[in-house]
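Single-structure report; data block below.
The values are calculated or read from the model by the stated rules, or taken from the named source; none is laboratory data. Computed from a prediction, not measured in an experiment: that's the story for all the values here. Neighbour counts are summed over all protein chains in view; Cβ atoms, including those assigned to glycine, are modelled from backbone coordinates with ideal geometry.
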Amino acid sequence: MNLRHIVVATATMWFGSPVQAQPVWLTDQFLDAIRQVESGGNNNAVSPKGAAGPYQFMPATWAEWGGGYPFEMASDPQIARAACKRYYIWIDATITKWQGHPATRDQCCGAYNAGVGTLRRVKYDTRKLPIESVQYVNKVNIQIRKQEAHDRAVEAGNN
């Protein structure tokens, strides 16, 4: 039994659902990268398809994960961030349950963009997702590396 299984088992015991367990990769840095890729950091971004806010929620997804707030609140950075986090926790738990072992950050990122059903249809292989979703995962990873390089530079400047 690995640490992920212990966390899920503990969450299930305390909360009745493994959805409460947060994956270790779901960090502020990751959420910042998602926000940057989704909207360029623009809290008021609206896509041609109707996705809104810094994390580009579609109305139906917001209705499920927006914490009971009206869709207009998808532009509030704190509320939207919390919704994004809840949604990623669910994506991670769902993929982990379906494939029988812990989901990866890239799988969850691809599922956020393409949908969990699409990821399941390609047998959890992110390279087989639609090209838009493959590019999305790559953009998020590039953004994370940029943030890590920036953080290292700041840290080096403080020493």
Under the condition of being assigned to a helix (DSSP H, G or I) and out of contact with any Phe, Trp or Tyr (no Cβ under 9 Å at 6 or more places or on another chain), which residue from region 120-132 is farthest from Gly41 (Cα to Cα)?
Arg121
Only one of (1) assigned to a helix (DSSP H, G or I); (2) over 18 Å from the mean Cα position of the chain (by Cα) fails for Tyr88. Which number is that?
(2)
Meets criteria (in contact with a Leu (Cβ under 8 Å, 6 or more places away or on another chain) and either closer than 20 Å to Leu119 by Cα or at pLDDT 95 or above (or both)) for Asp76
no
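Among the residues of region 105-123, is there at least one that is small (Gly, Ala, Ser) and closer than 16 Å to Trp25 by Cβ?
Filtering region 105-123 down to residues small (Gly, Ala, Ser) leaves 110-111, 114-115, 117.
When the remaining residues are screened for being closer than 16 Å to Trp25 by Cβ, the result is 110-111.
Yes, region 105-123 has at least one match.
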Only residues that are part of a helix (DSSP H, G or I) and either within 17 Å of Ile34 (Cα to Cα) or β-branched (Val, Ile, Thr) (or both): list them for region 106-119, please.
Asp106, Gln107, Cys108, Cys109, Gly110, Ala111, Tyr112, Asn113, Ala114, Val116, Thr118
Take the residues of region 25-43 that are in a loop (DSSP other than H, G, I, E, B) and touching a residue at least 40 places away in the same chain (Cβ under 8 Å): which is surrounded by the fewest Cβ atoms within 10 Å (Cβ to Cβ)?
Trp25
Tyr136 fails exactly one of (1) free of Cβ contacts under 8 Å to residues at least 40 places away in the same chain; (2) in contact with a Gly (Cβ under 8 Å, 6 or more places away or on another chain), namely (1)
Out of Trp90, Trp65, Trp98, sole residue that is closer than 18 Å to Pro23 by Cβ and either modelled with pLDDT under 95 or touching a strand residue (DSSP E or B) at 6+ places or on another chain (Cβ under 8 Å) (or both)
Trp65
Within region 145-159, which residues are among the charged types (D, E, K, R) and surrounded by fewer than 10 Cβ atoms within 10 Å (Cβ to Cβ)?
Glu155
Among the numbered conditions (1) closer than 23 Å to Asn42 by Cα; (2) within 13 Å of the chain's Cα centre (by Cα), tell me where His150 comes up short.
(2)
Given the condition closer than 25 Å to Asp125 by Cα and surrounded by 13 or more Cβ atoms within 10 Å (Cβ to Cβ), answer yes or no: does some residue in region 72-84 qualify?
yes
Residue hits (region 44-68; surrounded by 16 or more Cβ atoms within 10 Å (Cβ to Cβ) and not in a helix (DSSP H, G or I)) are Ala45, Ala51, Ala52, Gly53, Pro54, Tyr55, Gln56, Phe57, Gly66
Would it be correct to say that Ala103 is buried (at least 19 other Cβ atoms within 10 Å of the Cβ), of a type in the set (Gly, Ala, Ser), assigned to a helix (DSSP H, G or I) and out of contact with any Leu (no Cβ under 8 Å at 6 or more places or on another chain)?
no
